[in-house]
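The structure's right below; bear with me while I get my questions together.
The values are calculated or read from the model by the stated rules, or taken from the named source; none is laboratory data. Treat the numbers as computed from the prediction; the structure is a model and nothing was measured. Note that each Cβ is placed from the backbone with ideal geometry, even for glycine, and that neighbours are counted across all protein chains shown. Ligands, DNA and RNA are stripped out before the accessible areas are found, and what is left, the full protein with its side chains, is counted by its heavy atoms. Shrake-Rupley method; radii C 1.70, N 1.55, O 1.52, S 1.80 Å.
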Amino acid sequence: MDRELEFSALTGEGDTRHLTVEVPSDLRYFDGHFPGDPLMPGVAQIVALAEEPVRRCWPELKGVRGLRRVKFTQAIRPGDTLSLTLTRTGPKVAFRVHKNETECSRGTLVFADS
């Protein structure tokens, strides 16, 4: 059975939160991306690694209206341990995903105001 991501307990408070996640080898996002050389697709990094924890931290935010300055700089593979930092400024939440000290992805989710 393909698994979802399981996040650690959130730390931090107010406008900045931190968490870690172990990437399981049977994560459903690896299916077909790419056989023999699996890596997490960018859309999974945005939805599963960024948007899902944002919803846990700030459930009052409305739907995602857009993305800004999204960069994918390092491949995320099965077995990786990742750290995630979320920083909220009003309806915008910046995310940064790191593997050890190496940044894997970053960007900003823009949520609807009302």
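Which residue fluctuates the most in the chain, going by a Gaussian network model with Cα springs under 10 Å, if the choices are Arg28, Arg96, Arg88?
Comparing Arg28, Arg96, Arg88 in the GNM, the peak value goes to Arg28.
On to the next question. For the chain, report the accessible area per residue in Å² (1.4 Å probe, heavy atoms, rounded to an integer). Can you show the working numbers first?
Numbers: 6370 Å² over 114 residues.
Per-residue accessible area for the chain comes out at 56 Å².
Roughly to the nearest percent, how much of the accessible area of the chain is carbon and sulfur, given a 1.4 Å probe?
On the way: 3140 of 6370 Å².
Using a 1.4 Å probe with all protein chains present, the chain comes out at 49 percent carbon and sulfur.
Run the paramagnetic zone check for Arg65: 7 angstrom along Cα to Cβ, then residues of region 89-109 with backbone nitrogen under 14 Å.
Label zone hits: 89-93, 109.
I'd like to know which of Tyr29, Gly66, Leu19 lies farthest towards the positive end of the charge dipole of the chain, counting +1 on Cβ of Lys and Arg and -1 on Cβ of Asp and Glu.
Gly66
Here's a follow-up. 222 nm [θ] for the chain, helices only, -39500 (n - 2.57) per DSSP H run of 4+, per residue, to 500? Mind dumping the intermediate values first?
Working: 1 runs with 6 residues, N = 114.
Helices in the chain give a 222 nm mean residue ellipticity of -1000 deg cm²/dmol.
Now, a different point. State, in angstrom, two size descriptors of the chain derived from its alpha carbons: Rg to one decimal place and Dmax to the nearest whole number.
13.8, 44
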